[in-house]
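So the structure is just underneath, and the comments pick up after that.
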Amino acid sequence: MPAPLFELDHLAVTTDDGSRILDVEHLAVPEQGITVLAGPSGAGKSTLLRLCNRLEVPSSGTIRYRGTDIDQLDPLALRRAVGMVFQRPTLFGGTVRDNLAVASPTADDATFAGALERAGLSGSFLNRVGDDLSGGEAQRACLARTLLTEPQVLLMDEPTSSLDPAMTERLEGSVRALADDGVSVIWVSHDLDQVRRISDRVIVIDHGRIVPEAAAVRWLCGPTDSSPPLPVEAAPPVLEDDSSRRGGGADA
Amino acid sequence: MPEIFAANASSTIGWPGLATSLVLVVVAAGLSIGQRLRLERTIAWSSVRALVQLLAVGSVLGVILDPKRPVALSWLWVVLMVVIAALTIRQRAPEVPGITGLALVAVGSSAAMGLGVLFGLRIFPMQGRTVVPLAGMLIGNSMASTVGASRRIVEELSEKRAEVEARLALGLAWPDAARPHVRTALRTALLPQIESTKVVGLVALPGAMTGLILAGIKPVDAVKVQAAVMFLILGGVCATATVVARGLTRRLFTPDHRLVRLVREAG
């Protein structure tokens, strides 16, 4: 049986003042498809995501990437294999081409155009100045930039939180196509409708802990995307692995 | 070697002259009272304090710069200046992690380079009365540039954290992720010095030149000394800022290429 994509054990993240913002006994994220980390704002979802490409390190515990402790991996190689798209589109100064060249300095325009197309933008964007792009265009340019490192995994940290519904739908479509092409995706969201649209499996987090299955199901079946109170207790991970649910609602 | 170092300056104002110059302090205090600025006490205290400090330093320098004493004593004074500069920098930029050690290295290396050029190439004769004032001007300006550059780097990396992390997330090593921001910070920190070098003499006459002219030296000779001092300061400031940038940026990233949490001081 192959090792999970990511496996977390006895993992804790505490702040300088000692408060615990993440406390995970065990969690295994399998390969393939889109795994959504769902839960209310401030639950610890983004922290968990940032642990996966070592932008953060845990206070204690271990994280394994495909069976290897990520402490043993070259962080730069890990980050190129595990790409990340942030909540706010963060384009650097200059044109889209300049941005893409940061990820792949030796690539040619054809390669850049290919990455843009995979992210849902045409090659004509290469000469556009980053500051002139809309939020949705900028976020897709950021996705294209990340794709140039040829990642095997994409970490999406609430990438549509500042986008309108149409742009959100287009970005979701682009990422779904990438997932279908074999890129494993971990997507953070607190939007229940989005969770239902894009998830192949869902992990619910609240107050830094994996929510027990029954409570997670209740949360996912909630009528709105507001954040109902969730029980916080040490619990086994909720991890549904049912690819037949692709694109069709939460694992309820 | 400039002729002025063989000459004796003859212009002194004497104690009565110094006492008379206090009239200007009285004028300043009078204006404060007239305008109800409530600064008269501060003006008086600042003037007295400055006078006492300068007299104290002058007395010590009188001993150190005595031509009969070994020049090593002057170099010892320079080392003390570097240490005091580092401690002052720590006071002025407490939000910068590890600033004391960094300041010691930056100011020390800048002083070594600048003074090494001036005395190694025999631009100035190595005597107590050249070593101490030149080192003072170099270290004073390096101190300001260390504070300016280190604060700007911390501010820049703190404000642009998202961009830095976006670069790190693409697999860039910390020097590459930090480079555009450090470059911006260094430019911001160095431009005032470069600008002031551009307009020197047009707006205000620089201190060394003014002092020499007041002391009766020919203006052209004073200009030569001032130009050398100016180049010394420009080189020193750039060297200090570069050393600070390199050392500080290294401290702001972990060995596994993560940007540490930066806490900036308010205001």
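The values are calculated or read from the model by the stated rules, or taken from the named source; none is laboratory data. Just so it is clear, the structure is predicted and the values come from calculations on it, not from any experiment. FYI the Cβ positions are ideal-geometry reconstructions off the backbone, even for glycines, and counts take in every protein chain you see. The accessibility values were calculated without ligands, DNA or RNA, using every heavy atom of the protein model including side chains. Shrake-Rupley method; radii C 1.70, N 1.55, O 1.52, S 1.80 Å.
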Practice problem: Quick one: which residues, 5 or more positions from residue A:6 or on another chain, have an amide H under 5 Å from its amide H? H modelled 1.01 Å from N in the peptide plane, none for Pro or chain starts. | Solution: A:29, A:66
Quiz item: In the neighborhood of residue B:149, defined by Cβ-to-Cβ distances under 13 Å, what is the net charge if each Lys or Arg adds +1 and each Asp or Glu adds -1?
Solution: +4
Exercise. Could you let me know the centre-to-centre spacing of segment B:69-115 and segment B:180-220, using Cα atoms, in angstrom?
Key: 21 Å
Self-check item: Scattering profile of segment A:6-245 at q = 0.08, 0.09 Å⁻¹ [log10 I(q)/I(0), Debye over alpha-carbon scatterers]
Solution: -0.30, -0.38
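Per-residue Cβ counts within 10 Å, from other chains only, averaged over B:158-170: what number is that?
The mean count of partner-chain Cβ atoms within 10 Å per residue comes to 6.
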Practice problem: Show the residues, 5+ positions off or on another chain, whose built amide H is closer than 5 Å to the amide H of residue A:14. | Solution: A:21, A:59
Quiz prompt | At 0.890 mPa s and 25 °C, Stokes D of the protein assembly as shown from Kirkwood alpha-carbon radius, µm² per second | solution = 89 µm²/s
Quiz item: Got a sec? Charge dipole of chain A, +1 on Cβ for Lys and Arg, -1 for Asp and Glu; which of A:38, A:138, A:70 is way out at the positive end?
Solution: A:138
Quiz item: Taking Cα pairs under 8 Å and at least six residues apart, what relative contact order does chain B come out at, in percent?
Solution: 25 percent
Quiz item: So how many Lys-Lys pairs in the protein assembly as shown land under 29 Å Cα to Cα, not counting same-chain pairs under 8 apart?
Solution: 5
Exercise. Using just the helices of the protein assembly as shown, give the 222 nm mean residue ellipticity in deg cm²/dmol: DSSP H runs with n ≥ 4 each add -39,500 (n - 2.57), and the total is spread over all residues, rounded to 500.
Key: -17500 deg cm²/dmol
Quiz item: Along segment A:196-204, what does the Karplus equation 6.51 cos²θ - 1.76 cosθ + 1.60 (θ = phi - 60°) give for ³J(HN,Hα), rounded to whole Hz, x for Gly and Pro?
Solution: 5, 6, 10, 7, 9, 7, 10, 10, 9
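Please compute the contact order of segment A:6-245 in relative form: average sequence separation of alpha-carbon pairs under 8 Å and at least six residues apart, divided by the residue count, as a percent.
Working: 471 pairs, mean separation 65.9, N = 240.
Averaging sequence separation for qualifying contacts and normalising by length gives 27 percent for segment A:6-245.
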Quiz item: Using the alpha-carbon atoms, what tilt in degrees (0 to 90, nearest 10) does helix A:109-118 show relative to the longest principal axis of chain A?
Solution: 40 degrees
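Give me the summed buried accessible area for the A-B pair, 1.4 Å probe, to the nearest 100 Å².
1600 Å²
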Quiz item: Between the helical axis of B:174-198 and the dominant principal axis of chain B, each derived from Cα atoms, what acute angle in degrees is found, rounded to the nearest 10?
Solution: 20 degrees
Exercise. Please give the average number of partner chain Cβ atoms lying within 10 Å of the Cβ of each residue in B:246-258, rounded to a whole number.
Key: 2
Quiz item: Which translational diffusion coefficient, to the nearest whole µm²/s, is obtained for segment B:146-252 from the Stokes-Einstein equation, given a Kirkwood hydrodynamic radius over C-alpha pairs, 10 °C and 1.306 mPa s?
Solution: 100 µm²/s
Quiz item: Dipole of the protein assembly as shown, Cα-centred, from +1 at each Lys and Arg C-beta and -1 at each Asp and Glu C-beta, to the nearest 20 debye?
Solution: 2980 debye
Self-check item: Kirkwood Rh and Cα Rg combined as Rg over Rh, evaluated for segment A:81-165
Solution: 0.93
Quiz prompt | Where the Cα pairs of segment B:70-251 fall when distances are cut into 5 Å bins, in % | solution = 1, 8, 16, 18, 17, 14, 11, 7, 4, 3, 1, 0, 0
Exercise. Calculate one ³J(HN,Hα) per residue across segment A:65-72 by plugging θ = phi - 60° into the Karplus curve 6.51 cos²θ - 1.76 cosθ + 1.60, and present them in order as whole Hz with x for glycine and proline.
Key: 10, 6, x, 10, 4, 5, 4, 8
Self-check item: Protection proxy ranking of A:169-181, B:99-111 - average other beta-carbon atoms within 10 Å, highest first
Solution: B:99-111, A:169-181
Quiz item: Taking θ as phi - 60°, what are the ³J(HN,Hα) couplings along segment A:155-164 by the Karplus curve (6.51, -1.76, 1.60), each to the nearest whole Hz, with x for Gly and Pro?
Solution: 9, 10, 9, 6, x, 10, 5, 10, 9, 6
Quiz prompt | Dipole moment magnitude, nearest 20 debye, chain B about Cα centre, only Lys, Arg, Asp, Glu C-beta charged | solution = 260 debye
Practice problem: Once you've got the GNM for chain B with C-alpha springs shorter than 10 Å, pick whichever of B:76, B:170, B:190 has the biggest mean-square fluctuation. | Solution: B:170
Exercise. Let me have the relative contact order for segment A:9-57, percent, based on Cα pairs under 8 Å that are six or more residues apart.
Key: 27 percent
Self-check item: Acute angle (nearest 10 degrees) that the helix B:99-120 long axis makes with the longest principal axis of chain B, alpha-carbon atoms
Solution: 50 degrees
Practice problem: For residue A:206, enumerate residues with amide H under 5 Å from its amide H, sequence gap 5+ or separate chain, H modeled in the peptide plane. | Solution: A:211
